[in-house]
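Every number in this text was worked out from the coordinates using simple rules, so none of it is lab data. Source: prediction; values computed, not measured. Note: ideal-geometry Cβ built from the backbone for every residue, glycine included; neighbour counts use all protein chains shown.
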Amino acid sequence: MFSDAFMQTDVFNWVILPLLIFLARMSDVTLATLRNIFLSKSIRYIVPFIGFGEVMIWLIAISQIMKNLHNPACFIAYASGYSMGIFVGIKIEERLALGLQIMRVITAANPDKLISALVQNNFGVTTMDGQGAKGPVKILLVVVKRKDIALVKKLIEETNPHSFYSVEDIRNVSHGVFPGNNNSSRLDYLKKVFPYAGNH
């Protein structure tokens, strides 16, 4: 790709080569970050392929480092690429919004409107009675895809704004109700229990 003469110049040794090492290291650490995230989410089939690409890129980067031990710019590029790779990997994972989370909603107010709004948006809801510091409360458990967390938070703010809620990651679930599934029977039942269910 580069001529032997150009590879001996200061421009290549102090600019081009460190930049290439930076990009290679950023790429392999990004892949490593995604690999670990996919493993934690039990998305395993793609992990070996990511690992293969990660190691190949790392070998290219480290081989250039070993050939240029006299060049401190390469060391700086290598370390900077590592840091940037972690950042990029996390940002990519945030955009992908993989996995499931459970929201625990605790409220002392009547949760009927919130339950109605959740079911209308095809979220499964489990309701329990509880006892808080100031008296009886209702506890709602909602398993949500990460990409839908913002929608559930919006429904809580609109229908039961003084609720306390927490969000935790979960590895996997069996069955469940999520947006995109056919939920007509649940809506029919909801409308019988809460006549206002279809009026939001």
Considering region 1-58, what Rg and Dmax in Å follow from its alpha-carbon atoms? 15.9, 49
Environment charge of residue 96, counting only residues whose C-beta is closer than 15 Å and scoring Lys/Arg +1, Asp/Glu -1: +3
Looking at region 1-68, which trypsin sites (Lys or Arg not before Pro) are in a loop (DSSP not H, G, I, E or B) and have at most 15 other Cβ atoms within 10 Å? 44
Treat region 19-138 as a sphere of radius equal to its Kirkwood radius over Cα pairs and apply Stokes-Einstein at 37 °C in a medium of 0.692 mPa s; give the translational diffusion coefficient in µm²/s, rounded to a whole number. 183 µm²/s
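Working out 0.36 nm times the residue gap between residue 131 and residue 7, then minus their Cα-Cα distance, what length gain in nm do you get to one decimal? Before the final figure, lay out each step's value.
On the way: separation 124, 0.36 × 124 = 44.64 nm, distance 7.24 nm.
Length difference between fully extended and current span is 37.4 nm.
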Which Rg and Dmax, in Å, describe the Cα atoms of region 23-86? 13.0, 43
Report the Cα centroid-to-centroid distance between region 105-140 and region 38-58 in angstrom, as an integer. 40 Å
